[in-house]
Structures are given as C-alpha cells and as structure tokens.
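What follows is a single structure, written as structure tokens, with notes after it.
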Amino acid sequence: MTRNFRDVGTDMDTSLRAEAIPPFVVSDSESGSVVYPPGGSFGPRVQLQLQLVMLHIGSMTVKIDDVKHSVPPGHVALLLPGHQEHFTFDEKQETWHRWIDVTTEPLCEQAQQYFERLPTFIPLSNRMNQLTDLMLAVQKSDDSDIYGNVGAALGRSAILLFLTECIHMSTERRKHPAVMIAKEEIHQRYGESINLKMISSMTNNTPEHLIRLFRRDEGMTPTQYLWRYRLSQGLDLLRGTGLSIGEIADQVGFKTSYHFSRTIKLYTGRTPSEIRKESWRTL
C-alpha cells in the first residue's frame, strides 16, 4: 500500500481519534545521529522495520514507492516496513538528522493498516527530542543485556509518542494557530513569571484578540489556562514526588506556598497534604 502524505486534519482524523491504537510487540531498538554533506543521498533500500527520522538541519526528500515526500526541518517522519525508499539531502548545506530504528514482531493486518493511515511526517516535539536524547545516552551502556530490555521499551515509547502526537494534532489543528503557539509556550515556561502580555506577544496578537481566540477554542482565557496548567503540574508533583509544598509551589510558578495551597483547595476541595496522603496511602 502506498502512503500519500496528508495533513493531520483531513477526513482520516475522526477514525484515528475514535480507534484504539492496535497492539504491536517491540523486540529491539537502535538510535543514531548522522550529518550528510551537501548533495548527499542514501538508498534505494527496502525498509525492514519501523523507523523514526528526526530532521534538525538542512532538507530531506524521501521517495517512498515512487512517491516523493519533502520533509521540512523540525519534523519527524515515520517510515514503515516493506516500502522502498530513496533519500536525497540538501544540495547547498549539510543535513543533520537523527533516527530511531524499532524492530517489531510482524505487524498484524490491523496495525499495518493503522500505521499506513498516519501522516508521513509531523512537527518534531520537545518530547520526541528528549526521548531521542535518552535513547542515545542509554545506548552507550556497556551492558548489552540491560540495554536490550531498556531499548525495546524506549523504542515502543517512541512509536507510541508519534501515534499519540498524531491523534493530538488532529484535534489541535481545528484550533487557531495562535492558541496552539500560546499553549506550547505555556507548557514550556509555566514555571517562569509570565503574563498575558508576554504570551500574546509570542503569538503576534493583542491580548484582547488572544483572549477571544482562547475562549472560542479552549473555553477559558489564556491566563486561566496558564494557572490551570500550573495547578495540574503541581498536583503531579504532589502525588509523585517527596518535594515540599513550598518547593512544588516555586517550581510550578506560584509565588507562595499559601497561594498554591489555597488554589489546590479551591479546585479540588482538599488540601495538598490530604492529596499526598491519598496518593501515598499513608495514615
């Protein structure tokens, strides 16, 4: 089956969002990094496993079964087994990309069809970059037995991350680009002292216009979204770490532990200590 690139936002979105991710078993994975000189090429070859290719600098065109796909920098491509591929890289500058090879047991028909409906490439997220960094670091371990188990788990995580980001994007694409940009900035900088004016300037919109867009797409203002995101991150730290309430408040952008505790109580009806006790099953 030939894959044709389609934006995550076409008529395939509804089925992907409604359909559960099919099962697939990962036995191994390997990651690497390579820089091609200007005018470099690779292939033709037949893809043998699932592969993620993260393009950082330069440009890349991959011909898959006679269909050319031009992958922009800052994107990650998913390549599927059984297809013939030929890569050509930027004519004028070096091209740097990293990759993750994921070896699986033969994919069932349901999984093969599911993967074939995915877009060929999507924007490269910080999460995917961080996971690739981790894989490259762990791969340097001298203990091949330990890496084999960890590598398989990380490879599966990389594929699942790509799949969930496709599903997430299919929903987000219906929202205004300024809202998506603002949310990404909030997710990256929520622990800092940021405000509505700063957020709106990042999107090249006035605060008033960004508020209207957020109310339409998120049902709340950017400031409300910021504080709710701070709250959700604080709750995660309460439940999953031993940090003090004051330390958590500082990390997630609250000025005082009192403000953090009062907000937790307002939204959950419980104090931070009560939430922590429930999570830790302590008396």
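Does the range 146-246 come out rounded, prolate or oblate, given a ≥ b ≥ c as the square roots of the eigenvalues of its C-alpha gyration tensor, rounded meaning a/c under 1.5 and, failing that, prolate meaning a/b above b/c?
oblate
Can you list the residues, at least 5 places off or on another chain, whose amide H is less than 5 Å from the amide H of Leu118, using H built in the peptide plane?
For Leu118, whose amide H was placed from the backbone, there are no distant partners under 5 Å.
Which stretch or stretches of the range 105-143 have amide N atoms under 19 Å from the point lying 7 Å from Gln251's Cα along the Cα→Cβ direction?
The answer is 127, 130-131.
Find the accessible area per residue for the chain; the probe is 1.4 Å, ligands and nucleic acids are left out, and the unit is Å².
Details: 14900 Å² over 283 residues.
On a per-residue basis, the chain sits at 53 Å².
Calculate the dipole size of the range 184-283 relative to its Cα centre from +1 charges on Lys and Arg beta carbons and -1 charges on Asp and Glu beta carbons; express the result in debye to the nearest 20. It would help to have the intermediate numbers written out before the result.
Working: 15 positive and 11 negative charges, 76 e Å.
Using only the charged Cβ atoms, the result is roughly 360 debye.
Scan around Ser59 for amide H atoms under 5 Å from its own, H built in the peptide plane at 1.01 Å from N, and keep only partners 5 or more places away or cross-chain.
Under 5 Å from the amide H of Ser59 lie the amide H atoms of Asp90, each far enough along the sequence or on another chain.
Angle check, please: helix 126-139 long axis (alpha carbons) against the longest principal axis of the chain (alpha carbons), in degrees 0 to 90, nearest 10.
Result, in degrees: 60.
List the residues whose amide H sits under 5 Å from the amide H of Ser27, counting only those 5 or more places along or on another chain, with H placed 1.01 Å from N in the peptide plane.
Thr103, Thr104, Glu105
Quick one: dipole size for the chain, taken about the Cα centre, charges +1 on Lys/Arg Cβ and -1 on Asp/Glu Cβ, in debye to the nearest 20.
1480
Given the options Gln251, Trp280, Gly240, identify the residue whose Cα lies farthest towards the positive end of the charge dipole of the range 235-283 (+1 on Cβ of Lys, Arg; -1 on Cβ of Asp, Glu).
So the residue we want is Trp280.
What is the angle, in °, between the Cα long axis of helix 222-240 and the longest principal axis of the Cα atoms in the chain? Nearest 10 is fine, range 0 to 90.
Orientation of helix 222-240: about 90 degrees from the principal axis.
Among Ile264, Ser200, Leu118, which residue has its Cα furthest toward the positive end of the charge dipole of the chain, with +1 on Lys/Arg Cβ and -1 on Asp/Glu Cβ?
Farthest along the dipole direction, towards plus: Ile264.
So how do Met128, Met220, Met202 rank on accessible area, 1.4 Å probe, biggest first, that is with the largest at the start?
Met202, Met220, Met128
Please list, or write none, the lysines whose alpha carbon is within less than 19 Å of the alpha carbon of Lys255, excluding same-chain residues fewer than 8 places away.
The qualifying lysines are Lys197, Lys265.
Give me the accessible area of His209, 1.4 Å probe, in Å² rounded to the nearest 10.
60
So which trypsin sites (Lys or Arg not before Pro) in the range 192-283 are both in a DSSP loop and have at most 16 other Cβ atoms within 10 Å of their Cβ?
Here the sparse-neighbourhood loop sites are Lys255, Arg270, Arg281.
Contour minus end-to-end for Trp280 and Lys68, with contour as 0.36 nm per residue of separation and end-to-end as the Cα-Cα distance?
71.0 nm
Which of Lys63/Lys92; Lys140/Lys183; Lys68/Lys175; Lys68/Lys183; Lys140/Lys277 have a Cα-Cα distance over 31 Å? Walk me through the numbers before you get to the answer.
Working: Lys63/Lys92 20 Å; Lys140/Lys183 35 Å; Lys68/Lys175 29 Å; Lys68/Lys183 33 Å; Lys140/Lys277 39 Å.
Over 31 Å apart, Cα to Cα: Lys140/Lys183; Lys68/Lys183; Lys140/Lys277.
Of the labelled options [x] 138; [y] 178; [z] 117, which one gives volume of the Cα convex hull per residue in Å³ as computed for this structure?
Recomputing volume of the Cα convex hull per residue in Å³ here picks out [y].
Of Gly191, Ile181, Gln224, which is farthest on the positive side of the dipole of the range 148-283, counting Cα position, with +1 on Lys and Arg Cβ, -1 on Asp and Glu Cβ, and the Cα centre as origin?
Of the candidates, Gln224 comes out farthest on the positive side.
The values are calculated or read from the model by the stated rules, or taken from the named source; none is laboratory data. The structure displayed is predicted, hence computed values, not measured ones. In this analysis, Cβ positions are derived from the backbone assuming ideal geometry, glycine residues included, and neighbour counts consider all displayed protein chains. Side chains included, ligands, DNA and RNA excluded: accessible areas come from the protein's heavy atoms. Shrake-Rupley method; radii C 1.70, N 1.55, O 1.52, S 1.80 Å.
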